[in-house]
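The values are calculated or read from the model by the stated rules, or taken from the named source; none is laboratory data. Please read these numbers as outputs of a predicted model, since none were measured by experiment. Using ideal geometry, Cβ is built from the backbone for each residue, glycine included, and neighbour counts are taken over all protein chains shown. We work out accessible area using only protein heavy atoms, side chains counted, and drop any ligands, DNA or RNA first. Shrake-Rupley method; radii C 1.70, N 1.55, O 1.52, S 1.80 Å.
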Amino acid sequence: MTKRHVSLPEDAEAGLEEFLDEVDRRLSSDEDTCSVVEDVLVDLHGDRDAYERWQAGGDVSPAERVRLQGYDPCNSTLESEYYAEKDEEKFRESKHLQWLWRQFDATPMADNVEFALRFRRMLGDHLFAECGDNCRFFKGISVTYGHNVEIGDNVVIHDDVHLDDRGKLTIGDRVSISDGAHLYSHDHDLVDQTAVENFHTIVGDDARVTYDAMVRAGCRVGENAVVGARAVVQGDVPDHHVAVGMPAKSVKIKPGWEEVATPLDADGVNANRQDERRVERDLPDEFELFDEFQRDREPPAPPRSRDE
């Protein structure tokens, strides 16, 4: 391994541990999560004096008021909030934790790698359905909900990765997700883009999804497999395979794994198995659907034959 151990100065380490323990304790308690998030963000952004002046009825400008209100996640909306099929009860909690994650990334402390990795690791225990030990989450990671993500031990997720858990997303142990990768668990109908289906997307143990790659909803990246840079995974990548291209195709087996891997020319290599991983969704009968596009586009009628 080419990494080296880096430690903070003793005073900085003590301050970091005290802060993490306090936030973790409060998020684990019966205290209202929304209030905890607001309180933590006010301090992380260095706005305590202005916030207390505003709370005491003091004068604040319209811009200050909007900024100070924005620390309260109840005063925000996220894109996923508009999704019809979301679990309202789970989302109420995960929205607040998402807001803390995203707004922390907007602070200067997000560039302090040791501080930021440990903060996000602690927060992952509260946000994700499962979060293993010793995970490393870098800057700019976004999720749809968070509560439909399962992450194993010793996972590394680099900058600007999008984890779409509108369906369900499972990431195994020792997985590496490189910068700019996108993992999806929902798909749109080709004709009616407002029709959405959700799927279970899987990245197996020891797999690597490299720079700028995309994994389509309902696909499985196999154990110990590699998805090449900027590849677009449209079907399953078998265990120990290396897949590259658009769409991604298996081009080789990792050296040393030939005896246990599916041969490159076997039937069904890189097959799409979305139908096996569909996540059904139910909407309340009284739910009022909203079409953001407001379109009325029907396929054209087929041309009439000359005999008609």
(message) Can you report the number of residues in segment 40-56 which are of a type in the set (Gly, Ala, Ser) and open to solvent by less than 60 Å² (accessible area, probe 1.4 Å)?
(response) 1
(request) Restricting attention to segment 64-91, report how many residues are part of a helix (DSSP H, G or I), hydrophobic (A, V, I, L, M, F, W, C), open to solvent by less than 30 Å² (accessible area, probe 1.4 Å) and free of Cβ contacts under 8 Å to residues at least 40 places away in the same chain. (result) 1
(request) State which residue is farthest from the chain's Cα centre (by Cα) when the search covers only segment 218-239 and only residues that are open to solvent by less than 10 Å² (accessible area, probe 1.4 Å) and of a type outside the set (Gly, Ala, Ser). (result) Val237
(message) Looking only at segment 185-205, how many residues end up being part of a loop (DSSP other than H, G, I, E, B), farther than 19 Å from Lys249 by Cα and within 19 Å of the chain's Cα centre (by Cα)?
(response) 2
(request) Among the residues of segment 110-129, count how many are surrounded by fewer than 20 Cβ atoms within 10 Å (Cβ to Cβ), charged (D, E, K, R) and under 13 Å from the mean Cα position of the chain (by Cα). (result) 0
(request) Output the number of residues of segment 10-48 satisfying the condition of being of a type in the set (S, T, N, Q) and in contact (Cβ under 8 Å) with a residue 60 or more places away in the chain. (result) 2
(request) Could you please let me know if Arg92 is at pLDDT 95 or above and among the basic types (Lys, Arg)? (result) no
(message) Considering only residues that are touching a Phe, Trp or Tyr at 6+ places or on another chain (Cβ under 8 Å) and surrounded by fewer than 19 Cβ atoms within 10 Å (Cβ to Cβ), which ones fall in segment 92-109?
(response) Met109
(message) Between Val36, Val60, which is in contact with a Ser or Thr (Cβ under 9 Å, 6 or more places away or on another chain), aliphatic (A, V, I, L, M) and either in a helix (DSSP H, G or I) or more than 30 Å from Asp282 (Cα to Cα) (or both)?
(response) Val36
(message) If I go through segment 265-283 residue by residue, how many of them are closer than 23 Å to Ala217 by Cα, open to solvent by 50 Å² or more (accessible area, probe 1.4 Å) and in a loop (DSSP other than H, G, I, E, B)?
(response) 7
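Let's see how each residue does on (1) within 27 Å of the chain's Cα centre (by Cα); (2) hydrophobic (A, V, I, L, M, F, W, C):
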residue	(1), (2)
Glu13	no, no
Glu17	yes, no
Glu22	yes, no
Glu31	yes, no
Val37	yes, yes
Val42	yes, yes
Asp47	no, no
Asp59	no, no
Tyr71	yes, no
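From the list Glu31, Glu17, exactly one residue is out of contact with any Lys or Arg (no Cβ under 8 Å at 6 or more places or on another chain), assigned to a helix (DSSP H, G or I) and open to solvent by 30 Å² or more (accessible area, probe 1.4 Å). Which is it?
Answer to the selection: Glu17.
In segment 92-138, which residues are outside any helix (DSSP H, G or I) and either over 19 Å from Lys3 (Cα atoms) or in contact with a Leu (Cβ under 6 Å, 6 or more places away or on another chain) (or both)?
Residues satisfying the conditions are Asp105, Ala106, Thr107, Phe128, Ala129, Glu130, Cys131, Gly132, Arg136.
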